[in-house]
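J.: Quick one: the structure is below, and I'll ask about it shortly.
The values are calculated or read from the model by the stated rules, or taken from the named source; none is laboratory data. Only a predicted model underlies this, so the values are computations on that prediction, with no experimental measurement involved. Glycine gets a Cβ as well: all are built from the backbone with ideal geometry, and neighbour counts include every protein chain shown. Side chains included, ligands, DNA and RNA excluded: accessible areas come from the protein's heavy atoms. Shrake-Rupley method; radii C 1.70, N 1.55, O 1.52, S 1.80 Å.
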Amino acid sequence: MSIPPGVSFVLRVLLVLCFAPACVVTAASLLWRTTLLTIPTSLVIFLAVISTPLAICVRVSYRQWKYQRAAARLGAILPPRWAGKRLGNLDLTKQMLQTMKTGYTADFAWKAFNNLGNTVQINILWDTSYMTCDPNIIKCVLATEFNNYEKGDIFKQQMASVLGTGVFNSDGWHRAMTRPFFNKDRISHFELFDRRSVQAIAKMTERFRSGYAVDFQDLVSRFTIDSATEFLFDSCVDSLQQPLPYPHNGRPTPFAQPAGAPVALAPSRAEAFATAFMRAQIVLAERATMGRIWPLFETRKNRTDEYMCVVNEYLDPILKDALRRKEMASSEGGVSGDKQSDDIDGETLLDHLVRLTSDPVVLRDEVLNILIAGRDTTAGTLTFAVYFLCMYPEVFKRLRAEVLENVGSRGRPTYADIKEMRYLRAVINETMRLYPVVPFNIRLSINESTLPNPDPNGKPFYVPPKTMVTYTVFGMHRRKEYWGPDADEFDPDRFLDERVAKYLTKNPFIFLPFNAGPRICLGQQFAYNEMSFFLIKLLQHFSAMQLAPEAAPPESLPPAEWASTGWGRKRFERFWPKSHLTLYSNGGMWVKMTEADGLGKDGLAVDI
Ligand code: HEM
């Protein structure tokens, strides 16, 4: 059990707060000793008490003055300030946390952008940070001025107890370690996708046949974690072999279950891992929202510890097994010790990492980071894609026609098929536009710099060194000024018709589901292939699908008042998007599907 992060934080803060009073007392005592001049005790106490607030005021004012001067020197200005109503703007932090718990994604940011513009300055506890959804600014941060923006210490400290020093949480060599695994040959693991999607679809079919809705989010998370663990570690967690959850209102009674079926099942290791992993990520998202003061809320314990015990219990055997294989290989005269090599043929990512290092902590961190990357992202996107296919039957119909035309009702899609299917790609892109699974991200400036002002006549925005820049792709993907007046509508054709030239070609940075620049997602092609493959199989097998909100826990559905008080899609969306590190649907995505006519005698369009 680690020391709670709040303890050292509080000690540091106390030390800083006591500094000014200590100076006052020391000065008074020095004065008395050297000149025998006595200052009344009451005055010393008074000065000591006001010294800290005074010092803070002086420091804050000096910093503001310094920034204004530096901005003027560079011919720049500071972005408009989003002012709160409470001391230190702590009410803004409260609003952000509230949004995470009871609101719609980016609620608080949306209001600020509408009122002040697409880049705003936020000063929580007098610390300057920026929030933006402006593509030109995001372009600078991620690409053109990449060298001046890093993940930074604050983000790393917030994430360290879960992500460690893995690729998501580090600046430097980690990317080079994993990159070789995402070249074209490796990503085309269609045989793997085929096996796993057949298994997943068979599982759904069985449940639909017994008259129940299925939580598609749960199912597809099993599909992606089984695929990811097999692809990355050659050690599948087989979560698809576990029973699926039942709707909250439709759990069969023990008598209704088939003879011999277990009445109550303990969660599998994979399920316990997935739940603990999700809770740990929720803590991380809350920390990110609180900014620098997050440790104040963890003075008794590190809130991720209990979840990480479960996560580690799950991962340790996989890692130990890989290390044992390495030892055996070296004792048989194979690879010896840690070494760099580009020979990756036939290796899993874990085998490759194990050849580079035997450090169990580095291995664990790297593996966990890639698991987050590979599981929740594609699972989330597929969940939202199925949601849209349920909501828009005409899109479903057109996509299914494309699938049947290109691959037939039973064929196995190839890489070439997927490349041909332009409407499929458009549906996936449009899904990621409205629900990019990484809705917010953060970078920290290294040196002072400027960022472009959207007003062509305006001065650029000054960025002080060590300034946190939060950018929201979720916000950017829905702004009408970048996507046109129909930005809130789900319309895959915007990726095919004249709107491509009008909006996207003119500024490709308006669409960034995978990030951009030197740290663009390494698994982008893998993800497109995996998602396309799964959707093709799904549409071969099912001829209709619909949402089943009655199967979801009622408290997980969007609050009724959103219909009148919400903005944009919030008014009519039929699920509640929430986010930890990635976006997901609160309470799952419960659906019903109809099997296609003319299936084989096994009833399946997929060969099992
Ligand atoms: C729909 C699917 C996916 C989306 C939308 C997505 C999106 C992203 C985004 C936004 C980042 C940048 C994170 C940051 O800068 O903090 C990222 C990074 C990354 N992604 Fe993905 N991702 C997806 C699937 C995958 C898959 C399937 C894998 C691997 C199996 C993967 C591997 C990675 C890795 C290794 C990084 C870190 C790159 C770096 O920081 O240098 N991603 N992804």
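J.: Over region 1-73, what relative contact order in percent results from Cα pairs under 8 Å that are six or more residues apart? Show your work: numbers first, answer last.
T.: Numbers: 26 pairs, mean separation 22.9, N = 73.
Here the relative contact order equals 31 percent.
J.: A follow-up question, please. Report, to the nearest 10°, how far helix 41-73 tilts away from the longest principal axis of the Cα atoms in the chain, using its own Cα long axis and a range of 0 to 90°.
T.: 60
J.: Any idea what angle helix 524-541 forms with the longest principal axis of the chain, computed on alpha-carbon atoms, 0 to 90 degrees, nearest 10?
T.: 40
J.: Taking only C-alpha pairs under 8 Å that are 6+ residues apart, what is the relative contact order of the chain in percent? Mind dumping the intermediate values first?
T.: Values: 836 pairs, mean separation 129.5, N = 608.
Worked out over the chain, it gives 21 percent.
J.: Right, next: Provide the packing ranking of 60-70, 318-328, i.e. peptides ordered by the mean count of other C-beta atoms within 10 Å per residue, highest first.
T.: On the way: 60-70: 13.2, 318-328: 15.5.
Descending mean neighbour count gives 318-328, 60-70.
J.: How many percent of DSSP beta bridges within the chain run antiparallel, rounded to 5? Walk me through the numbers before you get to the answer.
T.: Details: 26 of 33 bridges.
Once the DSSP bridges in the chain are tallied, antiparallel ones form about 80 percent.
J.: How many Å² of accessible area per residue for region 472-607, probe 1.4 Å? Let's see the in-between values first.
T.: Working: 5170 Å² over 136 residues.
Solvent-accessible surface per residue comes out at 38 Å².
J.: Could I ask something else about it? For region 1-73, give the percent of accessible area contributed by carbon and sulfur heavy atoms, probe 1.4 Å, rounded to a whole number.
T.: Values: 4250 of 5590 Å².
After summing per-atom areas, the C and S share lands at 76 percent.
J.: Measuring with a 1.4 Å probe in the full set of protein chains, what accessible area per residue, in whole Å², belongs to region 1-73?
T.: Numbers: 5590 Å² over 73 residues.
Each residue of region 1-73 exposes 77 Å² on average to a 1.4 Å probe.
J.: Also, I was wondering about something else. Please name whichever of 590, 20, 374 sits farthest to the positive end of the charge dipole of the chain, dipole taken about the Cα centre and charges placed at Cβ: Lys and Arg +1, Asp and Glu -1.
T.: Projecting each Cα onto the dipole axis, the largest value belongs to 20.
J.: How long are the semi-axes of the equivalent ellipsoid of the chain, defined as square roots of 5 times the Cα gyration tensor eigenvalues? Whole Å, largest first. Walk me through the numbers before you get to the answer.
T.: Details: eigenvalues 437, 174, 126 Å².
Ellipsoid semi-axes (Å, largest first): 47, 30, 25.
J.: Now a separate question. Which net charge results when you count Lys and Arg as +1 and Asp and Glu as -1 among the other residues whose beta-carbon is under 12 Å from that of residue 85? Display every interim value, and only then the final one.
T.: Values: positive: 86, 94; negative: 91.
Summing Lys and Arg as +1 and Asp and Glu as -1 gives +1.
J.: Same structure, new question: Angle, helix 107-116 long axis vs. longest principal axis of the chain, Cα atoms, 0 to 90°, nearest 10?
T.: Tilt of helix 107-116: around 60 degrees.
J.: Expressed as a whole number of Å, what is the distance separating the alpha-carbon centroids of region 108-169 and region 1-70?
T.: 31
J.: Under 22 Å Cα-Cα from residue 419, which lysines qualify once same-chain neighbours fewer than 8 residues away are excluded?
T.: 184, 397, 537
J.: Just tell me which lysines come within less than 20 Å, Cα to Cα, of residue 94; anything on the same chain fewer than 8 places away is out.
T.: Within the straight-line cut-off, residue 94 pairs with 85, 111, 578.
J.: Where does the chain land at 222 nm, in deg cm²/dmol rounded to the nearest 500, when only DSSP H runs of n ≥ 4 count, each adding -39500 (n - 2.57), divided by all residues?
T.: -16000 deg cm²/dmol
J.: A further question follows. For residue 18 and residue 38 in one chain, what is 0.36 nm times their gap in residues minus the Cα-Cα distance, to one decimal in nm? If you can, show how the numbers build up before the last one.
T.: On the way: separation 20, 0.36 × 20 = 7.20 nm, distance 2.25 nm.
That works out to 4.9 nm of additional length.
J.: Let me ask something additional. At R0 = 45 Å, how high is the FRET efficiency between residue 194 and residue 560 if r is their beta carbon distance? Nearest 0.05 is fine. Show your work: numbers first, answer last.
T.: Numbers: r = 43 Å, r/R0 = 0.95.
Approximately 0.60, to the nearest 0.05.
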